[in-house]
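Here the structure comes first, spelled out in structure tokens, and everything after it is commentary.
The values are calculated or read from the model by the stated rules, or taken from the named source; none is laboratory data. All of these numbers come straight from a predicted model, not from anything done at the bench. Neighbour counts run over all protein chains shown; Cβ positions are idealised from the backbone, glycine included. Each accessible area value is taken on the protein alone, full model and side chains, heavy atoms only, with ligands, DNA and RNA left out. Shrake-Rupley method; radii C 1.70, N 1.55, O 1.52, S 1.80 Å.
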Amino acid sequence: MRIVILGAGYAGLRTALDLARLRRTYGLEITIHVVDQHPYHQLIQLLHLTATAGITDQKSIYQLDKLFQGREVERIEGRVQTILPLERRVVLADGRSVEYDRLVIALGSETAFQVPGAREHALPLRTFPDAVALRKHLIRKFSQAATLTDPTELRIAMTTAIVGGGYTGCELAGELAAWADDLCRQTGAPRNEVRIALIEREDHLLPHLGTWASNEAVRRLERLGVNIFLRTPVVRVEPQLLRFADGRILRAGTIVWGAGIRAPALLAEAGFPTDRMGRVLVDRYLRVSGQAAVFAIGDCAAVPDGRGGTLPPTASYAVRQGEHLAEILAAEARGDAPRAYEPVELGEVVSLGPNDAVGNALGVPVTGYPALMLKRGIEEYYRATIESA
Ligand SMILES: Cc1cc2nc3c(=O)[nH]c(=O)nc-3n(C[C@H](O)[C@H](O)[C@H](O)COP(=O)(O)OP(=O)(O)OC[C@H]3O[C@@H](n4cnc5c(N)ncnc54)[C@H](O)[C@@H]3O)c2cc1C
């Protein structure tokens, strides 16, 4: 059986590594092929650190060839363009065709630039190249600022506006507030002119974590010097300028768009049933509704939460779905009945700069040093599991 996995992110990589292990354990007659547009696995949940020099580029990615070494997983580098479920094949942007017996879709999500001008004038933070580009942009802006004498130009160059108060926005704002000291020292930009604005349409940050965590995040980010604008919808982005619904404007030399994600359009184009975020609808066996040979996991899948809704797009769910899907595929290859996926809510922790974090662990609220240690522990554990799979 030829199993093709689209995407080597948190979900797809986990499926590939676990499936390779289960193949050894049970002597399964399967081949594993992983398609990704990049030759590396990106640690997307650490991109705010990559963008602010909090970790090196070498620690932000893992070369897939190294992870797959000795595991008999074929890596196919290419951009998936079309999925043809009736023909059981996938077409890549360069015209190559990849055939499958079972297909795992783990293509993650993309930035949803919902307002006019956002795509053209704001920077996204969804990929490793995005993070490197943002870091270079910030260094350029601060270096320029060091040479400016006009107070308005200086103010604009030194202002960073981050749109969206989810993981991306909060983690980036906290990290940037901390990096600003070093950045000003390196570039000669005036530290007292640094302005970081975090802008959120709703009346709270971090919607998945509830009111308590949201209030803590506001308090702790403000303490770092971040200006938080709640209930402030952005309606338009222009060069170095944000327009808000109430008519106000904000001029900023750096605008980061972290407000909203959507699944790749190619999934709906393939004819799969999707939700309003473009995520593929799957059943409790992570199988795409109405498709015998296609599965979807991670950010690009609308996975039932068992309470009538769907799970949020997080790395922790993506990894656990990847793990579970490897077991389902192995059970199928052995001729056994697969076990349904039962989501377990372990909690989430969001960093707020290098010295603080907020979240919940198994439903228990955590903040400050214990939360930070938990977050680092989760990250180190993740690294260990992919390095030693
Ligand atoms: C800054 C930031 C901070 C975050 N912090 C946290 C956090 O603290 N905790 C948490 O749980 N979650 C966090 N998240 C969310 C988390 O990163 C995602 O939920 C997770 O990456 C989803 O995993 P995935 O495998 O579904 O997709 P991804 O990890 O995005 O992997 C998708 C893969 O598919 C590949 N791909 C996409 N399209 C194509 C194509 N057309 N052709 C070929 N390859 C393609 C990509 O290159 C990528 O390798 C954060 C996200 C961001 C941006």
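Mind listing just one residue for me: the one in the stretch 239-276 that is part of a loop (DSSP other than H, G, I, E, B), without any contact (Cβ under 8 Å) to a residue 40 or more places away in the chain and within 16 Å of the ligand (Cβ to nearest atom) and, of those, farthest from E200 (Cα to Cα)? So the residue we want is A265.
Of all residues in the stretch 134-164, those that are in contact with a Pro (Cβ under 8 Å, 6 or more places away or on another chain) and open to solvent by less than 10 Å² (accessible area, probe 1.4 Å) total 2. Among all residues of the stretch 54-77, there is none that is near the ligand (Cβ under 8 Å from one of its atoms) and either outside the structural domain of L329 (by TED's automatic domain parsing) or of a type outside the set (S, T, Y) (or both).
Kindly indicate whether A340 is of a type in the set (G, A, S) and open to solvent by less than 20 Å² (accessible area, probe 1.4 Å). Before you say what the answer is, go through the steps one by one.
Working: of a type in the set (G, A, S): yes; open to solvent by less than 20 Å² (accessible area, probe 1.4 Å): yes.
Criteria met by A340.
Checked against (1) in contact with a helix residue (DSSP H, G or I) (Cβ under 7 Å, 6 or more places away or on another chain); (2) away from the ligand (no atom under 15 Å from the Cβ); (3) open to solvent by 30 Å² or more (accessible area, probe 1.4 Å), E323 passes all but condition (2). A single entry from L49, L22, L13 fulfils the requirement of being out of contact with any Leu (no Cβ under 8 Å at 6 or more places or on another chain) and at pLDDT 95 or above: L49.
Select from the stretch 361-381 the residues that are within 18 Å of S214 (Cβ to Cβ) and of a type in the set (D, E, K, R) and list them in ascending order. Passing the criteria: only K375.
Within the stretch 294-310, not a single residue is touching an Asp or Glu at 6+ places or on another chain (Cβ under 6 Å), modelled with pLDDT of 95 or more, in the same structural domain as L6 (by TED's automatic domain parsing) and closer than 20 Å to L19 by Cα.
Quick check: anything in the stretch 208-215 within 20 Å of the chain's Cα centre (by Cα), at pLDDT below 95 and part of a loop (DSSP other than H, G, I, E, B)? Within the stretch 208-215, none of the residues are within 20 Å of the chain's Cα centre (by Cα), at pLDDT below 95 and part of a loop (DSSP other than H, G, I, E, B). When R231, R236 are checked against the criterion of being in a strand (DSSP E or B), open to solvent by 80 Å² or more (accessible area, probe 1.4 Å) and farther than 30 Å from L6 by Cβ, R236 stands alone in meeting it.
Before we move on, is L183 more than 16 Å from the ligand (Cβ to nearest atom), buried (at least 18 other Cβ atoms within 10 Å of the Cβ) and in contact (Cβ under 8 Å) with a residue 40 or more places away in the chain? Criteria met by L183. Would you call Q45 out of contact with any helix residue (DSSP H, G or I) (no Cβ under 7 Å at 6 or more places or on another chain) and either under 23 Å from A301 (Cβ atoms) or more than 10 Å from the ligand (Cβ to nearest atom) (or both)? Here the answer is no, as Q45 does not meet what is asked. Among the residues making up the stretch 299-315, a single one is small (G, A, S), in contact (Cβ under 8 Å) with a residue 60 or more places away in the chain and open to solvent by 10 Å² or more (accessible area, probe 1.4 Å): A315. Among residues of the stretch 17-42 being within 15 Å of the ligand (Cβ to nearest atom) and free of Cβ contacts under 8 Å to residues at least 60 places away in the same chain, the one that is farthest from the chain's Cα centre (by Cα) is V34. Being more than 22 Å from the chain's Cα centre (by Cα) and surrounded by 15 or more Cβ atoms within 10 Å (Cβ to Cβ) is the requirement here; does A331 meet it? Yes, satisfied.
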